[in-house]
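What follows is one structure encoded as structure tokens, with my remarks underneath.
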Amino acid sequence: MKFSLTVQTRITDWHFIKYLEDLGYDAAWVPDTQMMWSDCYATMALAAQNTSRIKLGTGVAIAGTRIAPTTAAAISSINALAPGRVFLGIGTGHTAMRVMGQDPISITEFREYLRVVRAMLRGEEVDYTYNGRTTSIVWQEHGSGFRDIEHPIPIYVAANGPRALRTAGMYGDGLCSVFNEQIPVLTYNLEQVRKGAQMANRELINYQTTTLTNAVILRAGEKLTDDAIVEKAGSWAVTALHFVYEIWRYTKEDSVVPEYMRSIWEEYCDHVDNFPLPKEKAHQLIHEGHCSFYTDGEKKFVTPEMIEGTTLVGSAAEIAEKISEAGKHGLSEVSLLPPLHNIREAAKEFAEEVIPLC
């Protein structure tokens, strides 16, 4: 099992990735979300220059905000600074697009995007369509040091819905998904990935499966209702709530709402309906605090059911057992996203208490 952190992309915190390397983490995922945080590639460049072992990747790059050749150029530039330590995590842009009131790109567009990026990272000439015009493109060579595509850059596709999961099987070297540590979810996801691989006549070799989650270690006597536990679990719990709400708002299907959210669902919908903004601007507030903190009005939604449903929670031994069991079913990496206010402490605690038991 590999272990990583998905960090809040703040360019002045590049040294935190060095801290993760010193703690023994395998990788750092650096998100690409332009309306919230710093630029992921600038942050990764600083981290690459100041680390020597830890793997670095986008967590995840957004296909809707950069054209495919630009993404290929950006990630291969980072690879020139950290040869063989770089991966491209990439998705359609659930949050990065929703926070602007826009939809993620379609799966059809995403598949074409991945086809182009994958070919470019292999150094191949490829047909590329831009503004309705298709041309053949290939890297222009100006000498060494501009990029590194000699050391392979794996592509890890972020996916949750069935078509996106099949896309991960068609074009990805791995899958990044929420709730992958939950065995029924992981089993379903991998079934869809395999279907995608079959569609593309691909064989999945050393396929990477990553879960994006959070972990909260409970001490003797601590309860899920304790303020200290709510503080540690809250940001990720409400981020999951935002994620499900956006899917529900788009599909209008109650079946997308997990059981552990049902008791608060109506109240949360009322919460969104009562934002102090016109409905056409609600997107400005739905993802407020995204993965960093929960807002004052959201604390009531961090229930014990929400914590248990979204987070690896329990004693260190219990968390390690859950991870080991998921590993038996195909999970290969756990990537944590603790709240911003205690991310250093959470990373250290997990590295010292849970990882040695896995």
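The values are calculated or read from the model by the stated rules, or taken from the named source; none is laboratory data. As the structure is a computational prediction, the values presented were derived from the model and not from experiment. Using ideal geometry, Cβ is built from the backbone for each residue, glycine included, and neighbour counts are taken over all protein chains shown.
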**Prompt:** Of everything in segment 101-135 that's outside any strand (DSSP E or B) and of a type in the set (S, T, N, Q), which residue is surrounded by the fewest Cβ atoms within 10 Å (Cβ to Cβ)?
**Reply:** N131
**Request:** Please work out which one of (1) buried (at least 21 other Cβ atoms within 10 Å of the Cβ); (2) among the hydrophobic types (A, V, I, L, M, F, W, C); (3) in contact with a Lys or Arg (Cβ under 7 Å, 6 or more places away or on another chain); (4) part of a helix (DSSP H, G or I) is the condition L56 fails and give its number.
**Result:** (4)
**Request:** Pairs only if they're at least six apart or on different chains, beta carbon under 9 angstrom, first in segment 313-330 and free of Cβ contacts under 8 Å to residues at least 40 places away in the same chain, second in a helix (DSSP H, G or I) and surrounded by 17 or more Cβ atoms within 10 Å (Cβ to Cβ); list them, first residue then second.
**Result:** A320/I355
**Request:** Identify, by number, the condition in (1) in contact (Cβ under 8 Å) with a residue 40 or more places away in the chain; (2) at negative phi that G24 doesn't meet.
**Result:** (2)
**Asked** Which ones in segment 325-358 are within 15 Å of T6 (Cα to Cα), part of a helix (DSSP H, G or I) and of a type outside the set (F, W, Y)?
**Response** L340, H341, N342, I343, R344, E345, A346, A347, K348, A351
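Results for (1) free of Cβ contacts under 8 Å to residues at least 60 places away in the same chain; (2) touching a Ser or Thr at 6+ places or on another chain (Cβ under 7 Å); (3) farther than 30 Å from E112 by Cβ; (4) surrounded by fewer than 16 Cβ atoms within 10 Å (Cβ to Cβ), shown as yes or no for each residue.
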{"residue": "T213", "(1), (2), (3), (4)": "no, yes, yes, no"}
{"residue": "L224", "(1), (2), (3), (4)": "no, no, yes, no"}
{"residue": "V238", "(1), (2), (3), (4)": "no, no, yes, no"}
{"residue": "H242", "(1), (2), (3), (4)": "no, no, no, no"}
{"residue": "E246", "(1), (2), (3), (4)": "no, no, no, no"}
{"residue": "E280", "(1), (2), (3), (4)": "no, no, yes, yes"}
{"residue": "H290", "(1), (2), (3), (4)": "no, yes, no, no"}
**Request:** Considering only segment 59-86, state which residues are touching a Gly at 6+ places or on another chain (Cβ under 9 Å), surrounded by fewer than 24 Cβ atoms within 10 Å (Cβ to Cβ) and hydrophobic (A, V, I, L, M, F, W, C).
**Result:** A80
**Hits in segment 176-187 - residues which are crowded, with 22+ Cβ neighbours inside 10 Å and among the hydroxyl-bearing types (S, T, Y)** = S177
**Item:** Sole residue being surrounded by fewer than 17 Cβ atoms within 10 Å (Cβ to Cβ), hydroxyl-bearing (S, T, Y) and within 16 Å of T95 (Cβ to Cβ), chosen from T310, T251, T295
**Value:** T295
**Item:** Odd one out for T43 among (1) in a helix (DSSP H, G or I); (2) more than 14 Å from the chain's Cα centre (by Cα); (3) closer than 30 Å to K348 by Cβ; (4) touching a residue at least 40 places away in the same chain (Cβ under 8 Å)
**Value:** (4)
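Every residue, every condition in (1) aromatic (F, W, Y); (2) in a loop (DSSP other than H, G, I, E, B); (3) under 23 Å from E345 (Cα atoms); (4) free of Cβ contacts under 8 Å to residues at least 24 places away in the same chain, yes or no:
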residue: S4; (1), (2), (3), (4): no, no, yes, no
residue: H15; (1), (2), (3), (4): no, no, yes, no
residue: T33; (1), (2), (3), (4): no, yes, no, no
residue: S38; (1), (2), (3), (4): no, yes, yes, no
residue: S52; (1), (2), (3), (4): no, yes, yes, no
residue: V60; (1), (2), (3), (4): no, no, no, no
**Prompt:** Do we find that L190 is crowded, with 23+ Cβ neighbours inside 10 Å, modelled with pLDDT of 95 or more and either of a type in the set (D, E, K, R) or within 23 Å of R118 (Cβ to Cβ) (or both) in this structure?
**Reply:** no
**Message:** If I go through segment 114-161 residue by residue, how many of them are at pLDDT 95 or above and on the phi > 0 side of the Ramachandran plot?
**Reply:** 4
**Request:** Look at segment 254-271 and say how many of its residues are closer than 18 Å to T239 by Cβ and either touching a residue at least 12 places away in the same chain (Cβ under 8 Å) or of a type in the set (D, E) (or both).
**Result:** 10
**Prompt:** Picking from M97, M36, M1, which residue would you name as being within 18 Å of A159 (Cα to Cα), surrounded by fewer than 24 Cβ atoms within 10 Å (Cβ to Cβ) and either at pLDDT 95 or above or not hydroxyl-bearing (S, T, Y) (or both)?
**Reply:** M97
**Request:** Can you work out which of the residues in segment 235-249 that are among the hydroxyl-bearing types (S, T, Y) and under 16 Å from N160 (Cα atoms) is nearest to the chain's Cα centre (by Cα)?
**Result:** T239
**Request:** Give the number of residues within segment 160-195 that are of a type outside the set (V, I, T), touching a helix residue (DSSP H, G or I) at 6+ places or on another chain (Cβ under 8 Å) and in a strand (DSSP E or B).
**Result:** 3
